[in-house]
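Derivation of every value follows stated rules applied to the coordinates shown; laboratory data play no part. Note that this is a predicted model, so its numbers are computed, not measured. Neighbour counts run over all protein chains shown; Cβ positions are idealised from the backbone, glycine included.
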C-alpha cells in the first residue's frame, strides 16, 4: 500500500514538473511570436524610433526568470528552500500556540 502511495506521489511530482516546463516553453513561444510581430509593426509604422525594444527587454527579463525557476537555477525557489520555509513557518506556528497555553 505504501509503495503504491510513493509511486503515485512520484507520478504527481513528475507530471507537475512536465506542466512547469510546458508552461515555460509556452511563455517562450509567445514571447518570440509577439515580439517578432511588434518588430514588424514598429519597422512599418515608425522605423526612426525602435520602441519594440522596451517590451522585448522587460518581457525578456520575465522569461529569463521563469526559465531559471523552472530549470532550478534559482536557489531561493528550489524545492529544498520551499521545504525549509514550510517547516520554519510550521515550527513558528507551533511555538506561538505553545506560548499562549
Per-residue Cβ neighbour rank within 10 angstrom, fewest leading, 69, 87: 87, 69
CD proxy at 222 nm, helix term only [per DSSP H run n ≥ 4: -39500 (n - 2.57); per residue of the chain; nearest 500]: -30000 deg cm²/dmol
Relative contact order (%) - the chain, alpha-carbon pairs under 8 angstrom, separation at least six: 23
Acute angle (nearest 10 degrees) that the helix 2-45 long axis makes with the longest principal axis of the chain, alpha-carbon atoms: 20
Cα gyration tensor shape of the chain, rounded if a/c is under 1.5, else prolate or oblate by comparing a/b with b/c: oblate
